[in-house]
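Please read the structure below before turning to the comments.
No lab work stands behind these numbers, since they all come straight from the coordinates. Keep in mind the model is a prediction, meaning the values are calculated, not measured. We place every Cβ from the backbone using ideal geometry, glycine too, and count neighbours over all the protein chains shown.
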Amino acid sequence: MKIWEDVNELSATVVDRACTVLEDWQEANKNLPCTWLQRAGQQAPSVTQAQQVLHQQLSGTAAVNQQWMPPSIGRFKCNIDAVFSERFKRTGIGVCLRDDTGTFVLAKQLQFNHVLPVAIGEALGLLHALQSMQDMQFDNIDFELDLKVTRDAFHSRNTDVTEFESIIKACRELFSSSFANFRVEFIR
């Protein structure tokens, strides 16, 4: 079976991954209040609404009403996020590209069979997003991360010998050699 970028995988592997994603989704949603469950004739909650409820339940604080904002006219926005599952010993990275009207353009996901440190997961997400946009020759992209440490490291000129800094350095090098009209930003 061929999947993303013509990678061959056994059908059993794809089915196993789908089952894992379904189990994770069910586990994450089993404690949602019934107001978030889709009822006949009612619209399902947006991803942002569901994330706000989960954040509120996990943190014990009121959720911030944060909505996705499109980039300025003629630009794209690339949102990058990493997720971590101690239960399944996996790290997932998601990348989503939308245009200035909010229309979906493309998405990509990566999985690692171990739990990475949060900053490394987010930095790898940025690196893979940069590589993908370079390969497809996109221009005018605002990359958004939800981990300020990663965005700050990208914009700083620190050079240490940690794994995190090595990934950030690779991001900077790719960014400076291939991109003229791009930004890396932090979003809550």
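Numbers for the structure displayed
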read-out: Spin-label model distance (nm) - GLU86 vs ASN113, 7 Å beyond Cα toward Cβ; value: 2.3
read-out: Placed amide H near ASP100: partners under 5 Å, 5+ positions off or other chain; value: GLY74, ARG75
read-out: Residue-wise HN-Hα coupling along the range 133-143, computed from phi with Karplus coefficients 6.51, -1.76, 1.60 (Hz; x: Gly, Pro); value: 5, 5, 4, 8, 6, 7, 9, 6, 10, 9, 8
read-out: Nearest-0.05 FRET efficiency for GLU185 and VAL105, computed from C-beta distance (R0 25 Å); value: 0.90
read-out: ³J(HN,Hα), Karplus 6.51/-1.76/1.60, whole Hz, each residue of the range 81-98, x for Gly, Pro; value: 8, 10, 10, 9, 10, 5, 4, 9, 6, 9, 10, x, 10, x, 10, 9, 10, 10
read-out: Mean shadow area of the range 76-186 over all directions, Cα convex hull, nm²; value: 6.9
read-out: Net length gained if the chain between SER177 and SER132 were fully extended (0.36 nm per residue, minus Cα distance); value: 14.8 nm
read-out: From phi via Karplus (6.51, -1.76, 1.60), per-residue ³J(HN,Hα) for the range 175-185 in Hz, x at Gly/Pro; value: 4, 6, 8, 10, 10, 10, 10, 10, 9, 10, 10
